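The numbers here are math on the coordinates, done by the rules we state, and not lab data. None of the values given here were measured: they were computed from a predicted structure. Please note: Cβ atoms are built from the backbone with ideal geometry, for glycine as well, and neighbour counts cover all protein chains shown.
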Amino acid sequence: MSIILNLYRSLSKRLQKTLLNAFIVLSAPVLMSIYIPAIQKTVGHEKTIKIGLLIQDNKSEAARHGAELAIRKANENGGYNGIPFQLVVRSMEGPWGTGSKQAVDLIFQNEVSAILGSTDGRNAHLVEQVAAKTRVVFVSAWSGDPTLAQAFVPWYFSCVPNYLQQADVLIKEIYNRGNKNSVTAVSDSSYDSKLALDCFRKRLKLHGKPEPKVFYYDNVGNELNKTTENIINSGAEGIVLFSRTDASLKIINQVKLRKSQADFYCSLSVMSEREFNDQEWESLESAVLINSGQWFTAGGKDFRLEFFKKYGYNPGPVAAYAFDGMNIIIKALKNSGTTREELQKYLKMNTFYEITGSIKFDDRGNRTDESGMFKVKNGHPTPVER
């Protein structure tokens, strides 16, 4: 050993640092396998039961508010055998890889019992990797990235229908019910929007439907105007939007101004942080959107009223899924009791009836029930019969 130490000391400082970093990386799996079992502690011996929330950035208020409301309601009902639940929020904003550090800090510094994530797909993958190594339950409450489930991580669950599932619902509505033959699809440049569009195209091929005309854009003035012009010139009977709220509404308004008779179909991303205001609902008249449930279930209506009373705005799907995701974690903790393994098993084996509908997971952590859809009629969402 002394010979090895002397050789190490004879090296330059830079080479010493390189070798030390390599040792840490290579030995990490071994160290984790030794350390992780030692931190599997019993829930209920703490002053609070901590649950982590990872949000995309510091502006992501809706997810924070949805999770906070679930925590508050749980504590009003006695918490965990009289012990209050505590929400610990961390933002994933920053250089690539920040999300991994925040997830690790939640687990080792804050000692959370589980993690809820309201992030895009790339950041969700980072959290999933940490969950796989630490055996901490990770419930995803926003990204529909289907590749998250393809890693076969037993600690991963998603309470949001993935993009393949959303695509199937859209295809049924557009081609089977709507009898559309000519379809144009539009995406912005974000990771999740492009992935949702790719999933839509894959499912079209699987169902034997024609390839749509596709337009991508950056969310800037001239580029958006050019994209709108291309959409109008495409002569589409149906226009499917895989884009965020502001740009989607601009496209819809511009196309309607040109007296186009095309029908609009919107992925879940079109409505995210907040519910539309009256003017936006009017713009969406006759459009069909993925249903996140908060307008139609009895619990959803109560949730909207409580949310507005507390935060002063009507919640969109981001808040709804964060509320549901936090609720299923809380219910699982209260019923499974002790270890992370028992929490994981309870989530896997049970069905939860929440404001976005019934939530049941398959063996890969996907939500199993099919999304519904709603159509805007007279400025209000109306469920579309399946």
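Within the stretch 171-192, the residues that satisfy the criterion of being in contact with a strand residue (DSSP E or B) (Cβ under 6 Å, 6 or more places away or on another chain) and either assigned to a helix (DSSP H, G or I) or within 17 Å of LYS205 (Cα to Cα) (or both) are GLU173, ILE174, LYS180, VAL183, THR184, ALA185.
Under the condition of being free of Cβ contacts under 8 Å to residues at least 12 places away in the same chain and either on the phi < 0 side of the Ramachandran plot or within 26 Å of the chain's Cα centre (by Cα) (or both), the residues counted in the stretch 199-208 number 2.
One line per residue, one yes/no per condition, for (1) part of a helix (DSSP H, G or I); (2) over 15 Å from the mean Cα position of the chain (by Cα); (3) in contact (Cβ under 8 Å) with a residue 12 or more places away in the chain:
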position	(1), (2), (3)
GLN254	yes, yes, yes
SER260	no, yes, yes
SER269	yes, no, yes
SER272	no, no, yes
GLN279	yes, yes, no
SER286	no, yes, yes
ILE290	no, no, yes
PHE296	no, yes, yes
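Under the condition of being surrounded by fewer than 19 Cβ atoms within 10 Å (Cβ to Cβ) and assigned to a helix (DSSP H, G or I), the residues counted in the stretch 233-248 number 3.
Of all positions in the stretch 159-170, none carries a residue that is over 22 Å from TRP142 (Cβ atoms) and not in a loop (DSSP other than H, G, I, E, B). Restricting attention to the stretch 169-186, the residues being surrounded by fewer than 15 Cβ atoms within 10 Å (Cβ to Cβ) and under 14 Å from GLY208 (Cβ atoms) number 2. Can you find even one residue in the stretch 184-191 that is free of Cβ contacts under 8 Å to residues at least 40 places away in the same chain and over 18 Å from the mean Cα position of the chain (by Cα)? Within the stretch 184-191, not a single residue is free of Cβ contacts under 8 Å to residues at least 40 places away in the same chain and over 18 Å from the mean Cα position of the chain (by Cα).
If the condition is being crowded, with 21+ Cβ neighbours inside 10 Å and not in a strand (DSSP E or B), then the stretch 345-362 contributes LEU347, ILE355, THR356.
In the stretch 95-125, the residue that is farthest from the chain's Cα centre (by Cα) out of those that are among the aliphatic types (A, V, I, L, M) and either closer than 23 Å to ASP363 by Cβ or assigned to a strand (DSSP E or B) (or both) is ALA114.
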